[in-house]
1. (1) modelled with pLDDT of 95 or more; (2) under 15 Å from the mean Cα position of the chain (by Cα); (3) within 23 Å of Glu104 (Cα to Cα): which one isn't true of Ala66, the others all being true?
2. Does Ala96 qualify as being touching a Ser or Thr at 6+ places or on another chain (Cβ under 8 Å), more than 19 Å from Leu176 (Cα to Cα) and surrounded by fewer than 22 Cβ atoms within 10 Å (Cβ to Cβ)?
3. Which condition from (1) modelled with pLDDT under 95; (2) within 24 Å of Met168 (Cα to Cα) is the one that Leu126 breaks?
4. From the list Lys138, Lys93, Lys81, which residue is in contact (Cβ under 8 Å) with a residue 40 or more places away in the chain and on the phi > 0 side of the Ramachandran plot?
5. Just a yes or no: is a residue in region 144-163 of a type in the set (A, V, I, L, M) and open to solvent by 90 Å² or more (accessible area, probe 1.4 Å)?
6. Name the one entry in Ala105, Ala134, Ala65 that is touching a strand residue (DSSP E or B) at 6+ places or on another chain (Cβ under 8 Å) and either farther than 26 Å from Ser154 by Cβ or open to solvent by 60 Å² or more (accessible area, probe 1.4 Å) (or both).
7. Any idea which of (1) out of contact with any helix residue (DSSP H, G or I) (no Cβ under 7 Å at 6 or more places or on another chain); (2) surrounded by fewer than 21 Cβ atoms within 10 Å (Cβ to Cβ); (3) without any contact (Cβ under 8 Å) to a residue 60 or more places away in the chain is the one Ile75 doesn't satisfy?
Amino acid sequence: MARLDAYHDLLLKWTKKINLIAPSTVPETWVRHFLDSAQLLPHVPPEEPIADLGAGAGFPGLVLAALDRGPVTLIEADARKATFIREAARVMKIPANVITARIEAARPQAAPIVTARALAPLERLLPWVHRHLAPGGKAVLLKGRDVEAELTESRKRWNMNIEREPSMTDPDAVILIIKNLVAEDVR
């Protein structure tokens, strides 16, 4: 809890200077951001490397690392946000590899676990997941109310096994677990 408290304090301090989280979510930061990220724990085995795509303020990757998951690599294109993530990891005394690059330009991570939260619709997200996912790995994604429409659209290009878990923090959201992600042969 001490790690998460330190992260929370730093997040609120930095949010005043750069757009890490929406100002409207500040009063509900613990549920909206921290619990939302922590609910992935049952789907992320300890000591499995994680690649967190479009890490933003570090959710969910830094929360998972603070709760002894990882090692975690966080990919974030915005240099200010990447600097925040590095500082938060330093303050929490957790190892985190932060890559400041666009997801599609970063060296493929071959991670057994790929996470993303509030990043992009599945149609755009799945190529990035595929790029950074190890063979036999799984994606653990936090998705909102449009998940069914996104799945319908993405199945035109991708084959995958999907599990859905209800979100603990939003009745309209789900945890989407994707395994065996393979691009359709496009001719």
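The values are calculated or read from the model by the stated rules, or taken from the named source; none is laboratory data. Please read all numbers here as calculations on a predicted model, not as lab measurements. Here Cβ is always computed from backbone atoms with ideal geometry, including for glycine, and neighbour counts include all displayed protein chains. Ligands, DNA and RNA are stripped out before the accessible areas are found, and what is left, the full protein with its side chains, is counted by its heavy atoms. Shrake-Rupley method; radii C 1.70, N 1.55, O 1.52, S 1.80 Å.
1. (3)
2. On the way: touching a Ser or Thr at 6+ places or on another chain (Cβ under 8 Å): yes; more than 19 Å from Leu176 (Cα to Cα): yes; surrounded by fewer than 22 Cβ atoms within 10 Å (Cβ to Cβ): no.
So Ala96 does not fit the description; no.
3. (1)
4. Numbers: Lys138 fails: on the phi > 0 side of the Ramachandran plot; Lys81 fails: on the phi > 0 side of the Ramachandran plot.
None of the other options fit; the residue is Lys93.
5. Narrowing region 144-163 to residues of a type in the set (A, V, I, L, M): 147, 149, 151, 160, 162.
Right, trim to open to solvent by 90 Å² or more (accessible area, probe 1.4 Å) and you get none.
No; the residues of region 144-163 include none that is of a type in the set (A, V, I, L, M) and open to solvent by 90 Å² or more (accessible area, probe 1.4 Å).
6. Numbers: Ala105 fails: touching a strand residue (DSSP E or B) at 6+ places or on another chain (Cβ under 8 Å); Ala134 fails: either farther than 26 Å from Ser154 by Cβ or open to solvent by 60 Å² or more (accessible area, probe 1.4 Å) (or both).
So the residue among Ala105, Ala134, Ala65 that is touching a strand residue (DSSP E or B) at 6+ places or on another chain (Cβ under 8 Å) and either farther than 26 Å from Ser154 by Cβ or open to solvent by 60 Å² or more (accessible area, probe 1.4 Å) (or both) is Ala65.
7. In the conditions (1) out of contact with any helix residue (DSSP H, G or I) (no Cβ under 7 Å at 6 or more places or on another chain); (2) surrounded by fewer than 21 Cβ atoms within 10 Å (Cβ to Cβ); (3) without any contact (Cβ under 8 Å) to a residue 60 or more places away in the chain, Ile75 misses (2) alone.
Listed here are the residues, each with its yes/no results for (1) touching a residue at least 24 places away in the same chain (Cβ under 8 Å); (2) open to solvent by less than 50 Å² (accessible area, probe 1.4 Å); (3) of a type in the set (S, T, N, Q).
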{"residue": "Pro27", "(1), (2), (3)": "no, no, no"}
{"residue": "Arg32", "(1), (2), (3)": "yes, no, no"}
{"residue": "Asp36", "(1), (2), (3)": "yes, yes, no"}
{"residue": "Pro42", "(1), (2), (3)": "no, no, no"}
